[in-house]
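Right, one structure below, let's go through it.
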Amino acid sequence: MATRLFVTASYVPARHRRGDRSPVGTAVRALLEHAAAGHGVLGTGVAPGRIGLVRGFDHASRAVRDELRAASTSHGWSMLDLPTVPGFGTIPVADDMRLVVVAHRSLVPVAERCAACWDCHLLDPGAVGTATSSYALRDAPALAVTTAGGAGDSIASRFELSGSVTCRSEGLPDVVASAVAVQPNGAGLLLEHLTGGRRGTVRMVDTTLRLDLPEPTRGTLDGHPQLFPAGEYAITTGTRRVRRVVADHGNLT
């Protein structure tokens, strides 16, 4: 389970007050300026909110943190600093998140998961450092997952479990598997399971898949290893998405 540290202080180093900017900072400032002008991919007339930064502890990540804090403050926004991979159900609840930014490409899966949970935009790393200040949206489906105890999270790419799992869904027979994987698939989900040494695949649309873990089970959530507590996990389709902000190369400036 990851230890979380969320920082919201407003200290701005002198080098950022002088105006030094990185490609990430330049892209974020362009998006905030578009939002302040009442147009752009973040929405029409969008109120100032928060930017979530997913980063590491290296020097470059800390520099991005400082620059984004300066950019958000200068536009009347605030920033949530997320320097660790959150464990299942520990992404902080926030209804004013508008944009998620990632400091390293290796952390994109974490950023996608956060953006899906917060129902906000994600600045695609491919849109950073390009010769354009025009952006477009590209949506991708995600899945919501909740437990009987009230914990909730999102699946942006793939949820894997290695251990005894009972799979249940209305209209289908129960499946007791030794390993399962669930991922978004268009308007539904794709379930892969290993049962008695045989692999099976089921596609589901407009439904809820329930996974019952009789004991704590190891697995991965969007590529990051975790230990999932025993209990029932309900996975639903059609309620989550990842809204990526990408470069609009048809409008080079």
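None of the figures in this text is laboratory data; all of them are computed from the coordinates on show. Only a predicted model underlies this, so the values are computations on that prediction, with no experimental measurement involved. Neighbour counts are summed over all protein chains in view; Cβ atoms, including those assigned to glycine, are modelled from backbone coordinates with ideal geometry.
Counting only the backbone N, which residues of segment 208-236 are under 17 Å from the spot 7 Å out from the Cα of E192 toward its beta-carbon? Only 219-225 pass the distance filter.
Rounded to the nearest 20 debye, the dipole size of segment 142-240 about its Cα centre is 240 debye, using +1 on the Cβ of Lys and Arg and -1 on the Cβ of Asp and Glu.
Got a sec? How would F57, F159, F88 order by Cβ neighbour count within 10 Å, fewest to most? Exposure proxy ranking, most exposed first: F57, F88, F159. Only DSSP H runs of four or more residues enter the estimate; each adds -39500 (n - 2.57), and after division by the residues of the chain the mean residue ellipticity at 222 nm equals -5500 deg cm²/dmol.
Go ahead and collect, in residue order, the members of segment 170-191 whose backbone nitrogen is under 16 Å from a label point 7 Å along the Cα-Cβ direction of E215. Correct set: 177-179. Overall, the anisotropy analysis places segment 149-253 in the prolate class: the square-rooted eigenvalues a ≥ b ≥ c of its C-alpha gyration tensor yield a/c not less than 1.5, with a/b exceeding b/c.
Ordering of 176-184, 118-126 by packing is 118-126, 176-184, highest average first (other Cβ atoms within 10 Å, averaged per residue). With the convex hull constructed from alpha-carbon coordinates only, the chain shows a mean projected area of 14.5 nm² over all directions.
Which one of S74, G40, P216 has its Cα pushed farthest toward the positive end of the charge dipole of the chain, where Lys and Arg give +1 and Asp and Glu give -1 at the Cβ? Most positive-ward Cα: S74.
I'd like the orientation of helix 59-74 relative to the chain: the angle between its Cα long axis and the longest Cα principal axis, in ° from 0 to 90, rounded to 10. Rounded to the nearest ten degrees, it is 70.
Take the Cα of A140, step 7 Å toward its Cβ, do the same at V176, and the gap between the two points is 3.6 nm.
Put a plus charge on the Cβ of each Lys and Arg, a minus charge on the Cβ of each Asp and Glu, and nothing anywhere else: the dipole of segment 188-253 about its Cα centre is then about 180 debye.
Relative to the longest principal axis of the Cα atoms of the chain, the long axis of helix 108-118 lies at roughly 90 degrees. Legend: ranking of residues I51, I155 from fewest to most surrounding C-beta atoms inside 10 Å; resulting order I155, I51.
Rounded to the nearest 10 degrees, the inclination of helix 23-36 to the longest alpha-carbon principal axis of the chain is 80 degrees.
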